[in-house]
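These notes concern the structure reproduced below.
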Amino acid sequence: MQQGRSQQLFEQAQRVIPGGVNSPVRSFRAVEGTPPFIARGQGAWVWDVDGNEYIDYLGSWGPLALGHAHPAVVEAVQRAAADGTSFGAPVEQEVELAEMICAALPSVDLVRLVNSGTEACMTALRLARAYTGRSKIVKFAGNYHGHADGLLVAAGSGALTHGVPTSAGVPEAYAAETLIAAYNDIASVEGLFDAWPDDIAAVIVEPVAGNMGVVPPAEGFLESLRRVTEANGALLIFDEVITGFRVAYGGAQTLFGITPDITTMGKIIGGGLPVGAYGGRHDVMQQVAPLGQMYQAGTLSGNPLAVAAGVATLTELRRPGVYEQLEATATRLIDGVGAAFARAEVPSTVNRVASMFTGFFNPGPVAALAQVEQSDTAAYGRYMHALLDRGVYIAPSQFEAGFVSIAHTDADIDRTIEVVGDALAAMG
C-alpha cells in the first residue's frame, strides 16, 4: 500500500490542526500508523490520495446506508446548491424532512433540526431539565452522546479509544450533575433513582450501544428503563444518532417496540452532510423557543443542502426491500468473517444488530463495558492494518461500529471474507 501523499498531508496537517485531524479517532493513535487521506468514494468503495482503493465498512461512521455518492443524493445536493447554500431562513425542504421524521418515529410529534448529533443531545438534556425542573442526568458508561461538557463523563467512542473518559476543561460541578450507570444493568439505574429520587431529569441511552463497539441491549433492559423513568417522573431519551434510520426505518425504537420521550438523531438524516435533530411528544417540545422558555437556535439549522440530502436519503431508504437487503448483506458478511476467525482459531466475538456490527478480539460474551475493555486492542490494531493493506477499510479503533450499505455487492462481501482469512494468516 502506497502512503507517500497521505504521509505528506498528515505531516502538513499536524502543523496547523491539533494532532493533524479534526476528530481524534482519525489520528490512528489507537492503532498506530498514518491515516489514509480519502480522495473520493463511490458506492461501497473509497480511494485515497495515493490511489489505494478500499471496500469501505466505515460509511462515514454510519450514515451512508446508500453508499457513497448515491445518484439521488448527489443530484439533490447539486440542485439545492445551485439555488443557494444558506439563507438563515425557512426553506420548503426542511418542512418535508421534518414531516418524514415525524411519520417514521413513533416518539416524535415535533422535531427541531440542528447541525450535529452533539448539538442534538446537548439540547435534549437542556429540554429535559426545562420540562422536569430537575438538574441531574443519568448516562451509561461507554455510551457516547457527543462532546458537550456534561456528557464527557465515562464516555465511549474516541474518549474510550484514547483513554480519556472524562475530558479536561469540564467543570467538576457540572460533571457532578451527570450520574453514571452500567449499560445493560437496570439495578444500577434503580440505585441512582433511590439515591436521587427527586433530582433526575432524564436517562439518556444509546438503545444499541455503538460507541464502545456494538453492544445490543439485554432482553428487557430498554423496557425496564421505560418503566423506571415513568415511575420516577423522569424522561427517557433515546440517542438514535447512529441507530436512527439505520437499524430500521423507524429506528431502534420501532425495532424494540419502546417509545422514548425524546429522540436525538444525526448523520443519516442528512445523507452524510452535517445535520442533527431532536424531537419528542407535543407537551415536551412545547418547551422549545419560540413556544416555550427553553432556548436553542442556529443559523445553519435546516440548511438547504443538508435537508435536500436528507430528503433524498430517506426517500431511498423507505423503498420496499431496502432493510431486508441490508440485513441479508450484513448476515452474509458476519457469517463469513466468523467462519474465517474460527478456522484461524482466533478468539473473537462478533456483535451485530441489523446492519451495524463490531468484531471484538475477545472470546466473549461482550455484553457490557467491562467485557468490551477485556478485548485485545493490540491484536485489533494489527488486524486493522492487515485489512487496510489488502484493501478493506474498517474503523481505526476496537471500540467502534462497522456498517454495510446497499451498495455492497455479494462480490464485495466475498472479497472481504477472503481478505479477512489472508489477514489472519499473515498475523500468525
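The values are calculated or read from the model by the stated rules, or taken from the named source; none is laboratory data. Worth saying up front: this structure is predicted, and the values here are computed from it rather than measured. Positions of Cβ are generated from backbone atoms using ideal geometry, with glycine treated the same way; all protein chains shown enter the neighbour counts. Just so you know, the surface numbers come from the protein's heavy atoms only, side chains and all, with ligands and any DNA or RNA stripped out. Shrake-Rupley method; radii C 1.70, N 1.55, O 1.52, S 1.80 Å.
Worth pointing out:
- Among residues of segment 36-56 that are within 16 Å of Gly4 (Cβ to Cβ) and touching a residue at least 60 places away in the same chain (Cβ under 8 Å), those with a beta-carbon under 6 Å from a residue that is among the hydroxyl-bearing types (Ser, Thr, Tyr) and crowded, with 19+ Cβ neighbours inside 10 Å at least six positions away or on a different chain give the pairs Pro36/Ser6.
- Of all residue pairs spaced 6 or more apart or on separate chains, those with beta-carbon atoms under 7 Å, a first member in segment 166-184 that is open to solvent by 60 Å² or more (accessible area, probe 1.4 Å) and a second member that is at pLDDT 75 or above are Thr166/Ala175; Ile180/Lys139; Ile180/Ala141.
- Qualifying residue in segment 247-260 (condition: touching a residue at least 24 places away in the same chain (Cβ under 8 Å) and within 15 Å of Cys121 (Cα to Cα)): yes
- Any hit, segment 212-220, residues being touching a residue at least 24 places away in the same chain (Cβ under 8 Å) and in contact with a His (Cβ under 8 Å, 6 or more places away or on another chain): no
- Filter pass, Ala103 being of a type in the set (A, V, I, L, M), over 26 Å from Tyr249 (Cβ atoms) and surrounded by fewer than 22 Cβ atoms within 10 Å (Cβ to Cβ): no
- Exclusive hit being open to solvent by 10 Å² or more (accessible area, probe 1.4 Å), at pLDDT 95 or above and within 18 Å of Leu179 (Cα to Cα), set Gly257, Gly233: Gly233
- Checked against (1) outside any strand (DSSP E or B); (2) under 22 Å from the mean Cα position of the chain (by Cα), Gly233 passes all but a single condition, namely (2).
- Any hit, segment 362-374, residues being part of a helix (DSSP H, G or I), surrounded by fewer than 23 Cβ atoms within 10 Å (Cβ to Cβ), in contact with a helix residue (DSSP H, G or I) (Cβ under 9 Å, 6 or more places away or on another chain) and of a type outside the set (A, V, I, L, M, F, W, C): no
- Segment 173-196, subset farther than 20 Å from Leu222 by Cβ and part of a loop (DSSP other than H, G, I, E, B), residue farthest from the chain's Cα centre (by Cα): Trp196
- In this entry, Leu300 passes the filter for residues that are more than 24 Å from Val208 (Cα to Cα), open to solvent by 10 Å² or more (accessible area, probe 1.4 Å), in contact (Cβ under 8 Å) with a residue 12 or more places away in the chain and not polar (S, T, N, Q).
- Hits in segment 310-357 - residues which are crowded, with 21+ Cβ neighbours inside 10 Å, within 29 Å of Val95 (Cα to Cα) and among the β-branched types (Val, Ile, Thr): Val311, Thr313
- Of all residues in segment 106-128, those that are open to solvent by 40 Å² or more (accessible area, probe 1.4 Å) have Cβ atoms under 9 Å from Cβ atoms of residues that are aromatic (Phe, Trp, Tyr), 6 or more apart or on another chain, in Arg112/Tyr278; Arg126/Tyr295.
- Selection status of Glu223, in contact with a Gly (Cβ under 9 Å, 6 or more places away or on another chain), open to solvent by 10 Å² or more (accessible area, probe 1.4 Å) and farther than 27 Å from Pro71 by Cβ: yes
- Verdict on Val74 being of a type outside the set (Lys, Arg), open to solvent by less than 60 Å² (accessible area, probe 1.4 Å) and under 20 Å from the mean Cα position of the chain (by Cα): no
- Residues of segment 262-274 satisfying the condition of being on the phi < 0 side of the Ramachandran plot and either open to solvent by 10 Å² or more (accessible area, probe 1.4 Å) or of a type in the set (S, T, N, Q) (or both): Thr263, Thr264, Leu273, Pro274
- Listing of helices (runs of 4 or more DSSP H) fully contained in segment 1-113 that carry 3 or more residues being within 30 Å of Gln296 (Cα to Cα): 71-82, 92-104
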